[in-house]
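Working notes, structure below.
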Amino acid sequence: MHRFEFKGRELYCEDVPVSKIAREAGTPFYLYSVRTFLDHYLKLKDAFKSVKPLICFSMKANSNLTILKSLVEHGSGLDIVSGGELFRAKKVGVDSQKIVFASVGKTEKEIEDAIRSKILMFNVESIPELETINTVACRLHAVQKVAIRLNPDVSPDTHDYITTGTKQNKFGIDTGTANKLFMESYRYPFIRFAGVHIHIGSQITDSKPFVKAIKRVLQFIDSVRFCGNPVEYLNIGGGLAIIYSKEKPQTAREFARVVLPLFKDYDLKKGMKLVLEPGRFISGNSGILVTKILYKKVNPTKTFMIVDAAMNDLIRPSFYGAYHEITPVVRPSGKVRTAEVDIVGPICESGDFLAKNRKMPAANIGDLLAVMSCGAYGYVMSSNYNSRPRVPEVVVKGRKFFVAKKRESYEDLVRNEKIVKEVI
Ligand code: LLP
């Protein structure tokens with residue numbers, strides 16, 4: 001459920017008409033319902049309440065400071081993947097003992113900053129990375145907790161680009177090597193092997209691959225425990241799917257109902273803490289992209305709606321062939337004609353589209369469209385391609401709306417650039 005609903009013919013975000021915001025903010029813009037973010041976070045928290053997990057919102061999905069702050073204020077931790085995300089995490093004042101740091105390519109500087117910031121743990125992806133953490137921790141006179149990211153070799157039924165837990169992927173460490181690492185933990189005196197981590201992919205609608213992966217990881221945990229290595233944390237990653245179109249993903253409750261019994265022989269309250277890293281589940285349906293129709297173009301074979309948002313603002317359709325529902329912000333009245341159109345942006349590439357062959361109600365130049373379910377991997381994946389300034393991010397709470405990040409200016413585009421006279 002989300003808080004983007006029609007009241008009469010008008011699309012509202014919570015209690016504010018989207019068209020009103022468009023008049024003030026200009027288009028295109030991202031629009032977030034703060035309540036929806038919180039609802040989804042609380043749904044997951046509630047579903048798992050019997051074991052009080054640490055939920056670390058995966059901020060790569062949406063790193064808007066206002067959104068992060070509101071989740072953090074409600075108890076969320078953060079899953080980070082870069083020095084930049086650490087910087088944002090600190091800006092919103094998250095308890096550093098609720099930060100977990102993934103990524104296959106953490107630099108020495110990022111590792112140092114994270115240890116100095118006293119993060120809870122790194123999710124370690126390779127032996128050389130482990131060695132670097134050990135060296136940096138030694139230099140800083142620290143003992144750093146890590147979780148070893150296992151590659152459970154489980155294939156979820158999702159897009160290839162967002163499958164991460166099979167042997168073909170760059171992520172994680174195979175169980176044989178991981179086992180050896182736990183056995184030889186004495187080689188890394190500045191590291192505490194505190195946990196095990198998995199993340200098998202994203203937009204996974206069915207719980208079966210999760211179950212398969214968790215069973216494998218529990219087998220692994222049993223084997224290292226048997227040899228005297230207690231595992232204090234089990235991080236089962238993110239990956240829960242949302243509804244973009246006709247998907248029927250598991251709900252938080254259904255997910256918990258399937259997953260929790262797998263831990264019946266483990267004491268998740270005292271013995272081993274469960275960590276979750278959801279991104280899309282919390283943010284996906286909590287945001288939309290609002291755009292305006294600039295032109296209509298009718299070719300002999302196709303009709304194009306040319307809008308002011310483009311692939312640089314939302315790359316998911318071009319990059320993954322992702323489907324996002326698109327709806328007029330104000331529904332036309334009376335009997336409405338529909339037509340099949342391509343909804344495209346102004347960028348000079350045929351790959352610049354938001355939807356292809358989409359049945360849409362007849363619309364006019366100047367009408368607003370809402371691209372739904374853009375709260376995850378929307379703004380964060382946007383770019384300045386074609387020297388297009390990044391669009392604003394607007395947040396709504398109840399009857400009020402605020403620009404949380406303003407539209408970039410043309411000056412912003414060249415802020416860090418200079419004309420190097422020496423080469424001219
Ligand atoms: N944990 C790790 C280690 C991850 O790599 C990811 C996402 C998450 C958690 C959160 O996954 P989620 O709950 O959001 O599925 N740009 C793509 C999605 C890339 C996902 C990357 N990793 C898209 O637009 O679909």
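The values are calculated or read from the model by the stated rules, or taken from the named source; none is laboratory data. These figures come from a predicted structure and were not determined experimentally. These accessible areas exclude ligands, DNA and RNA; they are computed on the full protein's heavy atoms, side chains included. Shrake-Rupley method; radii C 1.70, N 1.55, O 1.52, S 1.80 Å.
With every protein chain in place, what's the accessible area of Met183 (1.4 Å probe, Å², nearest 10)?
70 Å²
Long-range amide H contacts for Leu369: which residues qualify at under 5 Å (H placed 1.01 Å from N, peptide plane, sequence gap of 5 or more or a different chain)?
Under 5 Å from the amide H of Leu369 lie the amide H atoms of Thr291, Lys292, Ile293, Val329, each far enough along the sequence or on another chain.
Heavy-atom accessible area of Arg192 with all protein chains present, probe 1.4 Å, nearest 10 Å²?
110 Å²
Leaving ligands, DNA and RNA out of it, report the carbon-plus-sulfur percent of the accessible area of the chain at a 1.4 Å probe.
In the chain, the share of accessible area belonging to carbon and sulfur is 52 percent.
Using a Gaussian network model of the chain whose springs link C-alpha atoms within less than 10 Å, name the residue from His324, His197, His141 with the highest mean-square fluctuation.
His141
Relative contact order of region 167-237: what whole-number percent is it, with Cα pairs under 8 angstrom and at least 6 residues apart? Provide the component values of the computation, followed by the final result.
Details: 47 pairs, mean separation 31.1, N = 71.
Contact order relative to length: 44 percent.
For Lys270, Lys145, give me the order by solvent-accessible area with a 1.4 Å probe, most accessible first, ignoring ligands, DNA and RNA. List each step's numbers first, then the result.
Numbers: Lys270 180, Lys145 40 Å².
Descending accessible area places them as Lys270, Lys145.
Can you give the Kirkwood hydrodynamic radius for region 103-276, in Å, rounded to one decimal and based on Cα pairs?
Evaluated on region 103-276, it is 16.8 Å.
Per the helix-only calculation at 222 nm, which mean residue ellipticity applies to the chain, given -39500 (n - 2.57) for every DSSP H run of n ≥ 4 and division by its residues, nearest 500 deg cm²/dmol? Write out the running numbers ahead of the final one.
Details: 12 runs with 112 residues, N = 424.
That calculation yields -7500 deg cm²/dmol at 222 nm.
Among all helices in the chain defined by DSSP H, which have a length of 24 Å or more along the axis from Cα atoms plus a Kyte-Doolittle mean of at least -0.5?
208-226
Percent relative contact order of the chain, based on C-alpha pairs within less than 8 angstrom and at least six residues apart?
That works out to 20 percent.
Across 10 Å bins from the origin, how do the percents of Cα pairs in the chain run, short distances first?
Here the calculated profile for the chain is 4, 21, 29, 23, 15, 7, 2, 0.
May I ask for the percentage of alpha-carbon pairs in region 165-215 that lie more than 14 Å from each other?
Roughly 63 percent, rounded to a whole number.
Identify which of Glu125, Glu393, Glu24 has the largest mean-square fluctuation in a Gaussian network model of the chain, with springs joining Cα atoms closer than 10 Å.
Result for the chain, Cα springs under 10 Å: Glu24 fluctuates most.
For the chain, what is the accessible area per residue in Å², given a 1.4 Å probe and the full set of protein chains?
Dividing the accessible area of the chain by its residue count gives 47 Å².
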